[in-house]
Amino acid sequence: MLEQFSYLKEIDSSRTYLIKGLQTIQGHEGYISDDAILAVAEYFSVPDVEVEGVVSFYAQFKRSKPGKYCISVCDGTACHIKGSTMILDWISTELGIRDGETDAEGLFSIETVACLGCCSLAPVLSINGKVYGKLDRKATIKILKEYRNNG
Ligand code: FES
């Protein structure tokens, strides 16, 4: 097993715990890399294609390394009604990446999430946990520019 993932040793290596192993890696690394797939396959004694299948089946697992700024666009009911898909489109156009992707500089990544718990501010997004609400196109682009200028 790759040394980078030695913390897997704290988990039972029975394949029953394969998902727990993946969750643990994502907790440490922020995503599931190609090396992580190989390490999990080796540790739980399953073919790597099977691990890849599990990772792609469950939406909770990310295959791209998150950006320095992780943008979470809320697509809960209240935000959806108030235009969350447009917000996602505006961000995608501005940054040149789609849902689930990270930009080439590693600065921004985008994900859609369920309710962020502040529906009265819909539509809402958060960046590294900081919430921005009542968004329109102008406000959304301004927020992105501020983060970009901060590097
Ligand atoms: S639905 Fe978006 S914050 Fe609740």
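Every number here is computed from the coordinates shown, using simple stated rules; none is lab data. Bear in mind that the values here come from a model prediction, so they are computed numbers and not experimental data. Note that we place each Cβ from the backbone using ideal geometry, even for glycine, and neighbour counts take in every protein chain shown.
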Q: Pop a pseudo-label 7 angstrom from the Cα along the beta-carbon direction at both C118 and K145 and give the gap in nm to one decimal.
A: 2.2
Q: Round to the nearest 0.05 the FRET efficiency obtained for R15 and D99 when R0 = 35 Å and r is the Cβ-Cβ distance.
A: 0.70
Q | Relative contact order (%) - criterion: Cα under 8 Å, at least six apart; region: the chain | A | 20
(Q) Return the unpartnered cysteines for the chain, using a Cβ-Cβ cut-off of under 4.7 Å. (A) C70, C115, C118, C119
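When the dipole is taken about the Cα centre of the chain, and only Lys, Arg (+1) and Asp, Glu (-1) are charged at their Cβ, what size is it in debye, to the nearest 20?
Values: 16 positive and 20 negative charges, 179 e Å.
I would put it at about 860 debye.
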Q: Compute the acute angle (0 to 90°) between the alpha-carbon long axis of helix 18-29 and the principal axis of greatest extent of the alpha-carbon atoms of the chain; round to the nearest 10°.
A: 60
**Q.** Set K9/K62; K9/K68; K82/K138 screened for pairs whose C-alpha atoms are more than 19 Å apart
**A.** K9/K62; K9/K68
Q) Which percent, nearest 5, of DSSP beta bridges in the stretch 65-151 are antiparallel? A) 55
